[in-house]
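First comes the structure, then the notes that go with it.
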Amino acid sequence: MISSWEQKNNCMMPEDLRNFYLMTNGFHMTWSVKLDEHIIPLGSMAINSISKLTQLNQSSMYSLPNAPTLADLEDDTYEASEDQPEKPHFDSRNVIFELDSCNGNGKVCLVYKSGKPASAQDAEIWFLDRALYWHFLTDTFTAYYRLLITHLGLPQWQYAFTSYGISPQAKQWFSMYKPITYNTDLLTEETDSFVNKLDPSKVFKSKNKPLIPKKKGAAVQPAGGQKGPSGPSTSKPSSGPGNPVRK
């Protein structure tokens, strides 16, 4: 099936994706949560099978003559920058295959940047949102698979790698199950920011306050101690004025 796919599409499958399909022909895992006795489907992790690893349709979007195609949406004014790779094209410059439909929230695609015939080294993983804008995810399938597992297949998790981020509703689920990964800016900070730091001066500050009244009490105690010896000293001369013995 892998060889047939490569011959049919004139593309060499990346080695890590080939190993994945040699292990299993596609992958789909879902999980749900129970809230107030109601089962709510939540997470969905999917990789299309080889038969569904099809090229994005470049024909007319509607069954009408002279209807627009995806290639008509090309805008060469928005090209690559120093920190962003060149975005895929819907025309013959790139070959695009759908890995995951993302439950209608977009499409995760396997993109060959060099067109046909396509080599395995030119493949990258991109996310196409519902507005048909491209967002780079990873340069290998293995890295994307790890992202998929790490984000637990939460709804709209791919939008965390876009400039506009995930929706408020999806943020609530991320805050419950993945409180760090929904904010990718936190991942670039130092790891020490996630460690609880102990400041002894603040923690034990309240214990230093009771020391002030203790010092005042200690100042009063010597005064009482002076009265103690002064009592017997005055009583001794009075009780024994004729005592000739001294030590």
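Toward the positive end of the charge dipole of the range 109-173, about the Cα centre and with charges on Cβ (Lys, Arg +1; Asp, Glu -1), which of LEU137, ALA170, ILE149 goes farthest? Positive-most Cα among the choices belongs to ALA170.
For an R0 of 30 angstrom, estimate the FRET efficiency from the Cβ-Cβ distance between ASP122 and MET23 and round to the nearest 0.05. It would help to have the intermediate numbers written out before the result.
Numbers: r = 24 Å, r/R0 = 0.79.
That gives a FRET efficiency of 0.80.
Model label points for ILE149 and SER175, set 7 angstrom from Cα along the Cα-to-Cβ axis, are 3.0 nm apart.
When the C-alpha to C-alpha distance is required to be over 24 Å, the pairs from LYS8/LYS107; LYS87/LYS178; LYS113/LYS171 that qualify are LYS87/LYS178; LYS113/LYS171. Once the Cβ-Cβ distance between HIS38 and ARG130 is put in as r, and R0 is 41 Å, what FRET efficiency do you end up with, to the nearest 0.05? Efficiency, from the Cβ-Cβ distance: 0.90.
No lab work stands behind these numbers, since they all come straight from the coordinates. Computed from a prediction, not measured in an experiment: that's the story for all the values here. Positions of Cβ are generated from backbone atoms using ideal geometry, with glycine treated the same way; all protein chains shown enter the neighbour counts.
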